[in-house]
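Peer 1: Once you've had a glance at the structure underneath, I'll fire off some questions.
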Amino acid sequence: MTSLNDLDCINLTKRFEETLAVDDVSFSVPRGSFFSILGPSGCGKTTIMRMIAGFLDPTSGDIQIKGRSVLDTPPNKRPVNMVFQHLALFPMMNIADNIGYGLRRRGFSKQEIDKKVGDALERIGLPGIGNRQIEQLSGGQKQRVAIARCMVLEPDVLLLDEPLGALDLKLREHMKVELKALQAAFDTTFVYITHDQSEALVMSDQVAVMNAGRFEQLDTASNLYYAPKTPFVAGFVGDSNRWSGQVEKVEGSCVSVRTETGLSLRGTSRDPLAVGEAAQVFLRPEAIRVARTVEEVRDQENIAIGTVENVLFNGANSRVLLAVPNGGTVDVALPQSGEFAGLKRGETLHIGWGVAQALCFGGA
Ligand code: ADP
Ligand code: MG
């Protein structure tokens, strides 16, 4: 049987004594795609990677590569390679010897190695620099060499465990675009783990959001952002204002919630909620319309008035924190039009948002 998936994890579970690190996780990664696992530190991401690579045995479940179980295959025989955060390049070897290292160990001839290393250097955009030393490379170039070193071995799946974690912000932003391009250039399946949502959202065809050993939602980046299925995903992916309260009224998927602070909000719930039930409401700062006059927000299904507590200027990500009567502090994104450039503490603003933008979930 030929599988269309490069990787299938089936009911994968790993228990370390009393810790259930990975709890019945199943997923399939289609051939040639970019798959990410996104979750907070300690949720079990590395444990999944180590099981796929063969460094750890699952407590139960199966791992299949191209449709065949690899549980009985030792790590060095599995068609997978792993790139670590600390790239583990050999500083005393030149670039070509680093990239060719695995090929030499596998007994390829010098001629074959030279050809494969030359091809890989072309593909990572660093042709003809094989004789240089590792220390002569920038952080981003080292990253590319670390990937090339794996790719010459032609793995079916490349595993990347927080590979950008040690880089500074600017380089990380750049490498996000670059990694996606490298994945396309090598046409290989990437499984990428990170606690940084923007890395996962930008690069991936599919993202699994992981929490406490389980997958909360496996989806496209845009569905995770616009249609989170659980409160954890709503809170973890992107920024949100969050209120807890009680359901006051239900009309189909439209729910009215009175927050603990006493504000009445109307939002949308994908699961049926009952009057009196505890609920949480999530509202993104960028989903809120903000204006100086109430007329400008009158057409919105929810409106509120607020006093400026703080202006957080940050270019395209500028925010204003508004004290809303009975609503606490509300984080609102400022539009890029410049009309709020001179905003001062103590000014009054009007905000509004649609029912569809306020996502409600049952539970406290
Ligand atoms: P992440 O990569 O998401 O930060 P890990 O997979 O490293 O998380 O760890 C998941 C959980 O399993 C943590 O609670 C961690 O302490 C525990 N754990 C990981 N490896 C071991 C081990 N070898 N022995 C015992 N507990 C472990
Ligand atoms: Mg980890």
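The values are calculated or read from the model by the stated rules, or taken from the named source; none is laboratory data. Note that the structure is predicted; figures quoted are calculated from it, not measured. In this analysis, Cβ positions are derived from the backbone assuming ideal geometry, glycine residues included, and neighbour counts consider all displayed protein chains.
Peer 1: In segment 140-156, what count of residues is obtained for those that are surrounded by 20 or more Cβ atoms within 10 Å (Cβ to Cβ) and part of a helix (DSSP H, G or I)?
Peer 2: Here is the first cut: in segment 140-156, the ones surrounded by 20 or more Cβ atoms within 10 Å (Cβ to Cβ) are 143-152, 155.
Within this subset, residues satisfying the condition of being part of a helix (DSSP H, G or I) are 143-151.
Final tally of qualifying residues: 9.
Peer 1: Output the residues belonging to segment 16-74 that are among the polar types (S, T, N, Q) and more than 10 Å from ligand 1 (Cβ to nearest atom). Break it down into steps so the answer makes sense when it comes.
Peer 2: Residues of segment 16-74 that are among the polar types (S, T, N, Q), as a first pass: 19, 26, 28, 33, 36, 41, 46-47, 59-60, 64, 69, 73.
Result: Ser26, Ser28, Ser33, Ser36, Thr59, Ser60, Gln64, Ser69, Thr73.
Peer 1: Among Pro30, Pro75, which is in the same structural domain as Gly165 (by TED's automatic domain parsing) and within 13 Å of Asp156 (Cα to Cα)?
Peer 2: Pro30
Peer 1: Show me the strands (runs of 3 or more DSSP E) found entirely inside segment 246-337 where at least 2 residues are touching a residue at least 40 places away in the same chain (Cβ under 8 Å). Outline the logic, then answer.
Peer 2: Details: elements: 254-259, 264-269, 278-283, 289-291, 302-312, 319-324, 328-333.
The strands (runs of 3 or more DSSP E) meeting that bar are 254-259, 264-269, 278-283, 289-291, 302-312, 328-333.
Peer 1: Shifting gears a bit: Does Ser138 fit the bill of being in the same structural domain as Arg50 (by TED's automatic domain parsing), of a type in the set (Ser, Thr, Tyr) and within 31 Å of the chain's Cα centre (by Cα)? Don't jump to the end; show me each part of the working.
Peer 2: Details: in the same structural domain as Arg50 (by TED's automatic domain parsing): yes; of a type in the set (Ser, Thr, Tyr): yes; within 31 Å of the chain's Cα centre (by Cα): yes.
Taking the combined requirement at face value, the residue satisfies it.
Peer 1: Which of the residues belonging to segment 107-126 are under 26 Å from Glu162 (Cα atoms) and not in a helix (DSSP H, G or I)?
Peer 2: Residues satisfying the conditions are Ile124, Gly125, Leu126.
Peer 1: Okay, next question. Residues that are of a type in the set (Gly, Ala, Ser) and more than 24 Å from the chain's Cα centre (by Cα): does segment 55-65 have at least one? Outline the logic, then answer.
Peer 2: Kept after step one, since they are of a type in the set (Gly, Ala, Ser), are these residues of segment 55-65: 60-61.
Pick out the ones that are also more than 24 Å from the chain's Cα centre (by Cα) and you get 60-61.
Within segment 55-65, one or more residues are of a type in the set (Gly, Ala, Ser) and more than 24 Å from the chain's Cα centre (by Cα).
Peer 1: Separate question: Select from segment 37-61 the residues that are loosely packed, with under 15 Cβ neighbours inside 10 Å and more than 12 Å from Gly213 (Cβ to Cβ) and write down the one among them that is farthest from ligand 2 (Cβ to nearest atom).
Peer 2: Among those residues, the one meeting the criterion is Ser60.
Peer 1: Here is a further query. Do any residues in segment 159-184 that are at positive phi have Cβ atoms under 9 Å from those of residues that are within 13 Å of ligand 2 (Cβ to nearest atom) and assigned to a helix (DSSP H, G or I), where the two are at least six apart or on different chains, and which pairs are they?
Peer 2: Taking only residues 6 or more apart or on different chains, the pairs are Glu162/Lys45; Glu162/Thr46.
Peer 1: Same structure again: Being away from ligand 2 (no atom under 16 Å from the Cβ) and not in a strand (DSSP E or B) narrows it down to one of Glu216, Glu178, so name that one. Working first, answer last.
Peer 2: Working: Glu216 fails: not in a strand (DSSP E or B).
Residue meeting the stated conditions: Glu178.
Peer 1: Taking the criterion of being surrounded by fewer than 17 Cβ atoms within 10 Å (Cβ to Cβ), more than 16 Å from ligand 1 (Cβ to nearest atom) and not in a loop (DSSP other than H, G, I, E, B), would at least one residue in segment 157-170 satisfy it? Working first, answer last.
Peer 2: Step one: of segment 157-170, the residues surrounded by fewer than 17 Cβ atoms within 10 Å (Cβ to Cβ) are 165-166, 168-170.
When the remaining residues are screened for being more than 16 Å from ligand 1 (Cβ to nearest atom), the result is 168-170.
Next cut, not in a loop (DSSP other than H, G, I, E, B) only: 169-170.
Yes - at least one qualifying residue is present in segment 157-170.
Peer 1: So, in segment 69-86, how many residues would count as being touching a Pro at 6+ places or on another chain (Cβ under 8 Å) and closer than 24 Å to Lys115 by Cβ?
Peer 2: Number satisfying all stated conditions: 4.
Peer 1: Then there is this: Please give the number of the condition Gly328 fails out of (1) surrounded by 13 or more Cβ atoms within 10 Å (Cβ to Cβ); (2) of a type outside the set (Phe, Trp, Tyr); (3) on the phi < 0 side of the Ramachandran plot.
Peer 2: Of (1) surrounded by 13 or more Cβ atoms within 10 Å (Cβ to Cβ); (2) of a type outside the set (Phe, Trp, Tyr); (3) on the phi < 0 side of the Ramachandran plot, only one is false for Gly328: (3).
Peer 1: Something else about it: Mind checking which residues of segment 268-302 are surrounded by 16 or more Cβ atoms within 10 Å (Cβ to Cβ), among the β-branched types (Val, Ile, Thr) and over 16 Å from Ser337 (Cα atoms)?
Peer 2: Passing the criteria: Thr268, Val281, Val297.
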